[in-house]
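To start, the structure itself, in structure tokens.
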Amino acid sequence: LTALAGGLSADRPLGEALPVLSSWRRDQRQRSLIDQWRYHVTWKPVSPRPTTPPTGRWLLLTPPTGAQEVAQWCEDGLRTTGAQVERTSTLPGDLSGVTGIVSLLALEDAPLERGVAPGLTGNLALAQELGRSGGSARVWCLTRGAVSTGPSDPLTHPAQAQTWGLGRVIALEHPTRWGGLIDLPRTLDARAWQRTAALLTVEAGEDQVAVRSTGIHARRVVRAPQAPATPVRLRGTVLITGGTGGLGARVARWAAAHGAGHLVLTSRRGPDAPGAADLVASIEELGASATVIACDAADHTALHALKERLEADGTPVTTVVHTAGVGQLSALECVGAGEVVSVVEGKVAGAVALDAVFGGGGLDAFVLFSSIAATWGSGGQGVYAAANAHLDALAEQ
């Protein structure tokens with residue numbers, strides 16, 4: 001009885017511990033239920049089905065800058081299998097007779113523009129043009145370093161993950177024009193091409209793969225093992241972007257109830273945001289203080305100034321939570337350039353700026369709120385999925 005009471009953290013006679021037992025059982029049942037909802041992404045070594053090497057007329061889409069090594073490797077490889085290769089930076093108007101399209105647009109060597117990767121705009125335009133042309137050619141989007149298959153395979157280019165998020169939605173909205181996503185290895189040799197060529201057909205049976213020196217790895221969403229419960233106790237100053245929005249306000253109240261002494265809530269409207277005063281009052285009732293500040297999370301200069309101000313006040317940031325973002329629900333063919341920026345900027349540019357300003361060390365936690373749309377795609381959310389896939393990749397990196 002003493003050992004059992006000790007295991008239950010109940011320093012009292014066992015008869016008095018019945019409420020503890022009841023609570024423990026209820027918590028275990030609830031945790032068991034929640035654990036059934038837990039999934040994560042993993043990579044499984046696979047052998048592609050026997051396929052016919054690429055032949056016929058293939059388009060190799062290359063970006064204006066960068067990717068020359070990959071482009072030459074792809075062109076030479078396609079020619080060795082007997083394909084007719086047309087290397088171009090623009091999609092021709094007539095796609096009749098085209099067997100397949102290999103897009104290297106995600107590999108463009110150019111900085112983000114308001115959080116938008118050049119590969120996202122390029123591959124979105126490609127998907128839209130394929131829809132207008134009515135051709136039957138399928139497209140494969142290639143990246144390099146956009147995913148990690150394990151601890152020994154570092155993710156090096158999180159911006160290219162935007163194409164992975166977009167690609168999963170193209171597959172849902174336009175399955176007959178979709179080929180797949182292929183992440184290339186660091187070493188581009190004959191063996192790597194053999195593995196890549198085997199994937200340039202729907203007969204391969206895989207559309208989200210990473211080619212590595214160890215073989216072909218296919219992306220899988222699997223049940224996540226149960227993680228031990230760790231009590232959360234915050235301290236000091238917690239910075240929450242989008243702090244006056246629905247998600248940000250919920251996180252702020254949770255943080256106040258779990259030890260945060262000071263909440264700094266940023267949004268573009270700041271104290272003028274609807275409900276800001278009531279939010280501050282509710283946080284103070286929980287025993288913490290709160291400051292609402294007008295600050296664009298994507299503005300490096302403003303974030304630097306905020307960081308210096310808080311440090312000068314003796315309240316340096318200990319935890320960063322990025323909840324800012326804009327939703328989306330529109331088919332790919334209806335997405336314009338303005339919508340791309342409005343959806344991506346708050347999510348991606350904000351995360352990149354926060355990482356640059358606060359990610360140098362000294363934080364207890366750096367939390368990015370993503371979306372399930374980035375994991376398995378959601379029709380009508382191509383750009384939103386792309387933005388959140390970048391956040392997932394940034395966190396993994």
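The values are calculated or read from the model by the stated rules, or taken from the named source; none is laboratory data. The shown structure was predicted, so the numbers you read here are calculated from the model rather than taken from an experiment. Note: ideal-geometry Cβ built from the backbone for every residue, glycine included; neighbour counts use all protein chains shown. Just so you know, the surface numbers come from the protein's heavy atoms only, side chains and all, with ligands and any DNA or RNA stripped out. Shrake-Rupley method; radii C 1.70, N 1.55, O 1.52, S 1.80 Å.
For the stretch 233-252, taking the residues that are part of a loop (DSSP other than H, G, I, E, B) and open to solvent by 70 Å² or more (accessible area, probe 1.4 Å), the one that is modelled with the highest pLDDT is identified as Arg235.
Kindly indicate whether any position in the stretch 155-172 is open to solvent by 30 Å² or more (accessible area, probe 1.4 Å), basic (Lys, Arg) and at pLDDT 95 or above. Within the stretch 155-172 (the criterion being open to solvent by 30 Å² or more (accessible area, probe 1.4 Å), basic (Lys, Arg) and at pLDDT 95 or above), the answer is no, since none of the residues qualifies. Of the residues making up the stretch 208-224, just one is free of Cβ contacts under 8 Å to residues at least 40 places away in the same chain and either open to solvent by 40 Å² or more (accessible area, probe 1.4 Å) or more than 19 Å from Glu69 (Cα to Cα) (or both), namely Ser213. For the stretch 284-307, the criterion of being out of contact with any Gly (no Cβ under 6 Å at 6 or more places or on another chain), open to solvent by 40 Å² or more (accessible area, probe 1.4 Å) and part of a strand (DSSP E or B) is met by at least one residue. Considering the stretch 332-358 alone, what residues qualify as being assigned to a loop (DSSP other than H, G, I, E, B) and surrounded by fewer than 15 Cβ atoms within 10 Å (Cβ to Cβ)? Passing the criteria: only Gly336. Do we have Leu329 as at pLDDT 95 or above and either part of a helix (DSSP H, G or I) or surrounded by fewer than 19 Cβ atoms within 10 Å (Cβ to Cβ) (or both) here? Here the answer is no, as Leu329 does not meet what is asked.
Pick from the stretch 271-283 the residues that are more than 17 Å from Ala324 (Cβ to Cβ) and without any contact (Cβ under 8 Å) to a residue 24 or more places away in the chain: which of them is surrounded by the most Cβ atoms within 10 Å (Cβ to Cβ)? Selected residue: Val280. Can you pull out the residues in the stretch 108-142 that are under 24 Å from Glu339 (Cα atoms) and part of a strand (DSSP E or B)? Within the stretch 108-142, Glu113, Val116, Val139, Cys141 qualify.
Evaluate the following for Val280: is it β-branched (Val, Ile, Thr) and closer than 22 Å to Asp364 by Cβ? Considered against the rule, which asks whether it is β-branched (Val, Ile, Thr) and closer than 22 Å to Asp364 by Cβ, Val280 comes out as no. Evaluation of Arg79 against the conditions (1) open to solvent by 50 Å² or more (accessible area, probe 1.4 Å); (2) modelled with pLDDT under 95 shows that the sole unmet condition is (2). No other residue among Thr315, Thr319 is farther than 23 Å from Ala127 by Cβ, of a type in the set (S, T, N, Q) and in contact with a Leu (Cβ under 7 Å, 6 or more places away or on another chain) apart from Thr319.
If I go through the stretch 82-106 residue by residue, how many of them are assigned to a helix (DSSP H, G or I) and either at pLDDT below 95 or open to solvent by 20 Å² or more (accessible area, probe 1.4 Å) (or both)?
Total satisfying the criteria: 1.
Arg268: farther than 22 Å from Val232 by Cβ, free of Cβ contacts under 8 Å to residues at least 40 places away in the same chain and of a type in the set (Lys, Arg), yes or no? When the stated conditions are applied, Arg268 passes them.
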